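Visitor: First the structure, then my questions, so here it is.
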Amino acid sequence: MADVFALPESGNREREAHAAKLREFELRRKIRQVVVPTDDGKVRQLLRQLGEPVTLFGEREMERRERLKRIIAQRDGEVELDLPTTEQLLSEEVAVQKELFYTEGPDELRAARLALARFSLVRAKGRLLGAKRRREDPDALPVAADNQATAAAAVRTIVQQSSELGDTRPISHCQFSPDGSSLAACGWGGALALWSVPACTKRWTAPVPAEGPRLTGVAWHPAATHRSHSEAAVNLASAASDGVARLYSGRGEFLRSLEGHTDRLARLDFHPLGRHLATASFDMTWRLWDIETGVSLLEQEGHSRAVYAVAFHPDGSLVGSAGLDAYGRIWDCRTGRSVLLLEGHVKQLLAIDFSPNGYHLATGSEDHTAKVWDLRKRGCLYTIPAHTSLLSSVRWERTEGHYLLTAGYDCVAKIWNARNFSLLKALAGHEGKIMGADVSPTGSHLIATVSYDRTIKMWAPEELPTLA
């Protein structure tokens, strides 16, 4: 009679772990096959039919829908629900009410939209004429390919050039000046500071507000550092956790506060015309301000959760908003209409940026991916599995859009080729999550990153750019 030997306890554990993984894979396969309504009210109704909690503490709509799918997959064959087919869901989406609603606005908004229309049409005409000339020029395509290859080769040689302790608390955001000679950075300590480039020496620190709020975003006026723009005029703007945006001169003097939001601010951006500022807020709106009068011209709703970032199109015709509802929206600045919904991320959006070419747009999300959208096709062009944690920043190379910079909470910034979205360079060096990043507008491939570790780091090709 053959002897029977019992398997060691470690072998049993491994077998059980393997079986658990197989069950999880099978469950995920079933979840993918389950079709449930997209309407949150119907999702709640089905959960009630199953005897499950209608909602859990802190649960969002998309999380509730995923919970329903998992429950149905786990009870495969045990419950009978009147679930919709894919065709029914599509017909429901088509049947969504498309009636337009108009809200009366002030005369200042009408005047602002007329000014934005005149400005953006001229810029758009110039951009399109330039694109037409390049298309008809037989030498343009090889030159563009050579420029792309040169930029990619330069980016591959980028190394860390300097690192400075920028604040006593985490630094939340940074942006290069329009001429690339300075870097503005702000942080949780409430201080807005100006740093030289590329030496990274502090030039000045703006007075900290008496309330001492965290600063969450900084933006440069598009004409700042230009000879025609006075240093005493508005050069910089900051967003704060007290819901107030503040305007500063080129010397760091406080000029005016923009008050109106009912919750904390996140990012902000100047319109290319230079007269208006957009602010994103956790009150689920973004606002358009007249920086000369301090008047709120527009309070734009449209997101179901907080709005985290806003960015203007290079022509000034469009503005993009990124929301914590996992959607991005493109708005026409001249009419106020939402012209495109960016749907595809599965978690909240935290960053958005337009390419200089005028038709590409990038978004960064908590789902660890960056998506590149083509406005001409009104859809997603490519999804980059960029990081192992959420993305805090996405920024295009500012001259021709040769590459895309992404930064995340995995403590790494990465540079991606804009032609095929392959990885060109990973910038590792921070000891904490990267909270902001920017690319110099001069074409020198100089990059700045700011981090939870309170440092500002400058990255550039091994041959340091010669800037003041």
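Visitor: Which value, in nm² and rounded to one decimal, describes the direction-averaged projected area of the C-alpha convex hull of the stretch 225-279?
Guide: Mean projected area of the Cα convex hull: 3.8 nm².
Visitor: As a quick test, which of the pairs Lys42/Lys433; Lys347/Lys377; Lys202/Lys347 have an alpha carbon distance above 32 angstrom in this structure?
Guide: Violating the 32 Å limit, Cα to Cα: Lys42/Lys433; Lys202/Lys347.
Visitor: In what sequence, largest accessible area first, do Lys125, Lys132 appear using a 1.4 Å probe?
Guide: Lys125, Lys132
Visitor: For the Cα atoms of the chain, what angle does the longest principal axis make with the long axis of helix 9-33, in degrees from 0 to 90, nearest 10?
Guide: 70 degrees
Visitor: Let me ask you something else. Quick check: convex hull of the Cα atoms in the stretch 300-421, volume per residue, rounded to a whole Å³?
Guide: 87 Å³
Visitor: Relative contact order for the chain: what is it in percent, counting Cα pairs under 8 Å that are at least 6 residues apart?
Guide: Relative contact order of the chain: 12 percent.
Visitor: What residues have an amide H closer than 5 Å to that of Leu424, excluding those fewer than 5 places away on the same chain, when H is modeled at 1.01 Å from N in the peptide plane?
Guide: Counting only residues 5 or more places away or on other chains, the set is Ile415, Trp416, Asn417.
Visitor: Helix-derived [θ] at 222 nm for the chain: sum -39500 (n - 2.57) over DSSP H runs of at least 4, divide by residue count, nearest 500?
Guide: -7500 deg cm²/dmol
Visitor: Net charge around Ser257, counting only other residues with Cβ within less than 10 Å of its Cβ (Lys, Arg = +1; Asp, Glu = -1)?
Guide: Every neighbour counted, the sum reads 0.
Visitor: Could you pull out the trypsin sites (Lys or Arg not before Pro) across the stretch 299-340 that fall in loop regions by DSSP (anything but H, G, I, E, B) with no more than 12 other Cβ atoms inside 10 Å?
Guide: Listed in order of number, the matching sites are Arg337.
Visitor: Follow-up. Please list the three semi-axes, largest first and in whole Å, of the ellipsoid equivalent to the chain, using sqrt of 5 times the eigenvalues of its alpha carbon gyration tensor.
Guide: One finds semi-axes of 41, 29, 24 Å for the chain.
Visitor: Please list, or write none, the aspartates and glutamates whose alpha carbon is within less than 20 Å of the alpha carbon of Lys414, excluding same-chain residues fewer than 8 places away.
Guide: Reachable aspartates and glutamates: Asp353, Glu366, Asp367, Glu397, Glu400, Glu431, Asp438, Asp453, Glu462, Glu463.
Visitor: Which three lengths, in whole Å and largest first, does the stretch 354-462 cover when its Cα atoms are put on their principal axes?
Guide: If we take the Cα atoms of the stretch 354-462, the spans are 40, 31, 19 Å.
Visitor: List the aspartates and glutamates whose Cα sits under 16 Å from the Cα of Lys125, skipping any in the same chain fewer than 8 residues away.
Guide: Asp315
Visitor: Something else: First check a/c for the stretch 105-165, with a ≥ b ≥ c the square roots of the eigenvalues of its C-alpha gyration tensor; if it is under 1.5, answer rounded, and if not, answer prolate when a/b is larger than b/c or oblate otherwise.
Guide: oblate
Visitor: Another one. Find, among the trypsin sites (Lys or Arg not before Pro) in the stretch 171-231, those assigned to loop by DSSP (not H, G, I, E, B) with at most 10 other beta-carbon atoms within 10 angstrom.
Guide: Arg227
Visitor: On to the next question. Specify the angular offset, from 0 to 90 degrees and rounded to the nearest 10, of the alpha carbon long axis of helix 61-74 from the longest principal axis of the alpha carbons in the chain.
Guide: Taking the Cα atoms of the chain, the angle to 61-74 is about 20 degrees.
Visitor: Can you tell me the orientation of helix 140-155 relative to the chain, as the angle in degrees between its alpha-carbon axis and the longest Cα principal axis, to the nearest 10?
Guide: Value to nearest ten degrees: 80.
Visitor: Do any GluC sites (Glu not before Pro) in the stretch 210-293 lie in a loop, going by DSSP, with at most 13 other beta-carbon atoms within 10 Å of their beta carbon, and if so which?
Guide: Sparse-neighbourhood loop GluC sites (Glu not before Pro): Glu211, Glu231, Glu259, Glu292.
Visitor: Send over the Kirkwood Rh of the stretch 234-335, from the inverse of the averaged 1/r over different Cα pairs, rounded to one decimal Å.
Guide: With all distinct Cα pairs of the stretch 234-335 included, I get 13.4 Å.
Visitor: Take the Cα atoms of the stretch 189-267, find their three principal axes, and give me the spread along each one in whole Å, biggest first.
Guide: Sorted from largest, the Cα extents of the stretch 189-267 read 37, 26, 20 Å.
Visitor: Sticking with this structure for a sec: Could you sort out which of Lys69/Lys371; Lys132/Lys457; Lys30/Lys371 sit more than 32 Å apart by Cα distance in this structure?
Guide: Lys132/Lys457
The values are calculated or read from the model by the stated rules, or taken from the named source; none is laboratory data. Here the structure is a predicted model, which is why all the values come from computation and not from measurement. Please note: Cβ atoms are built from the backbone with ideal geometry, for glycine as well, and neighbour counts cover all protein chains shown. These accessible areas exclude ligands, DNA and RNA; they are computed on the full protein's heavy atoms, side chains included. Shrake-Rupley method; radii C 1.70, N 1.55, O 1.52, S 1.80 Å.
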